[in-house]
Every structure is written in structure tokens, then in C-alpha cells.
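Take a look at the structure below.
The values are calculated or read from the model by the stated rules, or taken from the named source; none is laboratory data. Bear in mind that the values here come from a model prediction, so they are computed numbers and not experimental data. Glycine also receives a Cβ, built like all others from the backbone with ideal geometry; neighbour counts cover every protein chain displayed.
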């Protein structure tokens, strides 16, 4: 089989989505400690029904000789019957899952059956406040919650309340493989030559002084149209001559039913002569993605909801500054400081920094504070803040980054170095090696403390207390 990082697709460890990428880094980088069986989901999996052995590939990547990693390709996320069969066939010591809890409702419904035999570990994520009390039953169904952002950890604590005493709760931020994403310079002859080829392909053979990269899906909450509007405004502000030497690269789908028609937005807002917006929808392997980040000067993600924002972390690994909305897990990557000078950790009193309580952050971060917050929702998720940034505020930060790059390239280079240094540091723990260590600690603690769930429990029937958010509405 080809090396793991060469595969493409949806939600299994051989594939290239954000969930797949993080799952792969966890599985591969902990394979010297744990054996893994991955239920590898995709929309319509071509390999469904097979059992794939990727032990040899894992051994090569990790330099070990005893990896045990198998994939059962499936369409969708799984079924109760499938999990029962897997427990019987593979005899696992724990079940671990990842992403939005609504995809796992069917699994939580059988938690009593599972947790009488083995623990449930949830790599948990939640995008925004108010604290989602509608998730309480999901969180209560887990033994361990590994939270990918500081805000997720605080939210989980607030939702669980007194039930938190029965859980293991840890901060496990996403981690990027620093061997896959790294800055390229002219002394790295082979990489540098490949970078020049990538520039020609992505930038259509034209030279630009400033390139801003967007690398994410074309879906509504990512607010790609706002970024395009901001780019148009930025180009107007600096003038046609300077703008003609700048480019916005959108690595995304031009059309998506969950997003919009990006070519139509570009045609409306951006003239061809100087407001250069380039769409690249190639599905690129890891080495090509590293080139894409390296041919850019900065990375932007202006989502109104974002659990983490993986493209920001990858950009920082490549030594690039980031521009992002102050929301969700993107706050962690900007490293805001509280009034004591410490890296901001949300609390019951200040569960997020999206109101702009703290302004000081890492030099590599160019934050955009939401101009308004709309309480949106659906039947399964009745309420969540939608943190919308004003496109003019986004444009101002683009202009700020461009100005530093144009007037003081040495300072700009130092900002990029700081980004790389911090994201690989022991403080941030945002490298793949640190993520693996954190997961190992969390799983081992689970095994050390886990007690099988009782077959039944007695509950005192009382009148329901009115539900109210366990934190201030404004903080």
C-alpha cells in the first residue's frame, strides 16, 4: 500500500480532511503504545466491506516493528450493530471518537451497554457559547473528554456542572506534524525548486509581492464571501497599482451547496485588472500543501464559528502570520494574554475573548473581533453565537499585514519565525508529537481510573429545574 499520507477522501485516517488528518497523526504517533482499529468513514466508501492492514506502513513511518493498525472502511459514521460486532471481533479496551456529537447520537444511546465493558473517550470540540446545555447528555455518556480548545474545555465544564467529578477532562489541542509543514528557503535546493514550480502553477505564471491564502471549505460559517469583500476593499484602499501586485488565493471548491457561488462573488466585487483572486480546487497531498503555504505570505480564516481552524496552525508551522476572527479555537492560536500576562484561559466569568476583553496577543496574530453576535440555531442545536466580523475590519488587518511586509520585510520575517517557534513549543503543545503525548496521557489515565458502569442506577424523581446558562451573557 502507499504511505498513509498519500490517500485522499473524507473521514478515515488514510484521507485528507481535517478530521482525517488529526486522527491519522494520533493513530500513527501513538502506535508504539496502542493498537488501533479504525472505523474509516466516508460518504460512499469504495472499500466498504474490506479489512485493511496498514501495519507495515505505520512501522515505516514510526521506525518501529510492532504496529497494529487496521481500517474497516464504512459509509457514514457507523451503526449500533456494527459497533457490537466490532467489540465482539476485536475485543477493544476502549472506544474513541471525534467531531460534532450529533454524528454520534446513535453511539451515545448505547453508552450504558458499552461502558459496562469498556470506556468511551471523546476527542471533543464545540465552536461557541452560550454553553450548550443540549449537549449535556452526550458529555455525560463519556468517561473521558479530550478537549481540542481551551474554550471547549471550559464549555464542557460548565455544561457538566457537578457531574464533572466523574469525568477525566483534558486540554488536547490539534497538533501539526512539523516534518510535513515547515518553512522553505533558497538553501533547501530541492524543496526550493519545487516551490518555484508550485508558484508558477498556483499563481498562473505571474509574480506577486503579497499573497494571502485561504485554505478551507466553501461553507457558510467560513464566511469566504466576507473575505472576498474585504480583499476588494483592501485593494481600493492601497490603489490599483499596488493592488495589481497582490493576490488572494482561495484553496477551496468554487461551488458548494453548503456555501455559495464564489466565481459569481468574485465577478461582482473584484475587477480583473488589479483585484486578483485565484481559486485553486486541487486536492493536494501533504507535500504540495506545504508548498502552498510557503508560496503565501499569510493565512486568513474569518469564520463566524470555528472549533479550531487547522489551516492557521499549518500556516504557522510554515512560518506564516495568521489573520482570524476571534472565536472558538482560533483564539488559542492567537495566544491572547490576560491581565496577569498569562496565556488566556477561559473561565466561568470570561468564557471567551470574542468580546475583546484582552487585546494583547502573539505578534504573528492579526485578530478581527466580531462586530456583532447573532444567536442562531436549529432544532438539534437550538442556540449558538454566530460571531460575524465586519468585512472592513478584515480589510484593515489585511492592510496591516501587507504594510509590514512592504515596508519592513525583516520585521515580517521575524514575525513568521515567532509563529513557527511558538506553535512547535512546549507551551502551545500544537505539534503532532505533543498531541500524541497528550492523547497517550489521557488514555492511560482513563485506563487507570476507569470503573465499569453499573447495569442500572436509581434516580430520584424530582421536578425539573429551569435551565439557564451557567455564565454571564456579557463578560
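Listed values, structure above:
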item: Given (1) assigned to a loop (DSSP other than H, G, I, E, B); (2) closer than 22 Å to residue 470 by Cβ; (3) touching a helix residue (DSSP H, G or I) at 6+ places or on another chain (Cβ under 8 Å), index of the condition residue 355 fails; result: (3)
item: Residue among 433, 420, 392 that alone is more than 30 Å from residue 354 (Cβ to Cβ) and in a helix (DSSP H, G or I); result: 433
item: Test result for residue 33, closer than 27 Å to residue 179 by Cβ, in contact with a helix residue (DSSP H, G or I) (Cβ under 6 Å, 6 or more places away or on another chain), at pLDDT 95 or above and not assigned by TED's automatic domain parsing to the domain that holds residue 384; result: yes
item: Residue in region 291-303 that is part of a helix (DSSP H, G or I), surrounded by fewer than 24 Cβ atoms within 10 Å (Cβ to Cβ) and out of contact with any helix residue (DSSP H, G or I) (no Cβ under 8 Å at 6 or more places or on another chain) present; result: no
item: Residues (out of contact with any strand residue (DSSP E or B) (no Cβ under 8 Å at 6 or more places or on another chain), over 20 Å from residue 294 (Cα atoms) and in a helix (DSSP H, G or I)) located in region 201-225; result: 220, 225
item: Only listed residue being within 29 Å of residue 450 (Cα to Cα), touching a residue at least 60 places away in the same chain (Cβ under 8 Å) and either loosely packed, with under 14 Cβ neighbours inside 10 Å or assigned by TED's automatic domain parsing to the domain that holds residue 139 (or both), chosen from 94, 67; result: 94
item: So residue 332, is it in a helix (DSSP H, G or I), assigned by TED's automatic domain parsing to the domain that holds residue 231 and under 30 Å from residue 136 (Cβ atoms); result: yes
item: Options 156, 105; residue that is surrounded by 15 or more Cβ atoms within 10 Å (Cβ to Cβ) and either on the phi > 0 side of the Ramachandran plot or without any contact (Cβ under 8 Å) to a residue 40 or more places away in the chain (or both); result: 156
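One line per residue, one yes/no per condition, for (1) surrounded by 20 or more Cβ atoms within 10 Å (Cβ to Cβ); (2) closer than 30 Å to residue 243 by Cβ; (3) in the same structural domain as residue 143 (by TED's automatic domain parsing):
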| site | (1), (2), (3) |
| --- | --- |
| 356 | no, yes, no |
| 364 | yes, yes, no |
| 385 | yes, no, no |
| 396 | no, yes, no |
| 410 | no, yes, no |
| 416 | yes, yes, no |
| 423 | yes, no, no |
